[in-house]
Amino acid sequence: MTIAEELHQKGLKIGLEKGREEGRHEARVGVLGRILTADTIDAVFAD
């Protein structure tokens, strides 16, 4: 494997890791948003 190919492989691996981290972050934000929305709706209808 040439140096360029090795760097490409490393780049892909780093890209995947970053993508996974960002995906987890997005999922967490989505879950929080859903919980907050549900609580807010409950609070509105409880009044």
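Data for the structure
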read-out: Residue tally, condition hydrophobic (A, V, I, L, M, F, W, C) and not in a helix (DSSP H, G or I), over the chain; value: 1
read-out: Single match in 23, 33, 11, 19 (criterion: among the small types (Gly, Ala, Ser), modelled with pLDDT under 85 and surrounded by 10 or more Cβ atoms within 10 Å (Cβ to Cβ)); value: 33
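The values are calculated or read from the model by the stated rules, or taken from the named source; none is laboratory data. Worth saying up front: this structure is predicted, and the values here are computed from it rather than measured. With ideal geometry, Cβ positions are generated from the backbone for all residues, glycine too; neighbour counts draw on all protein chains shown.
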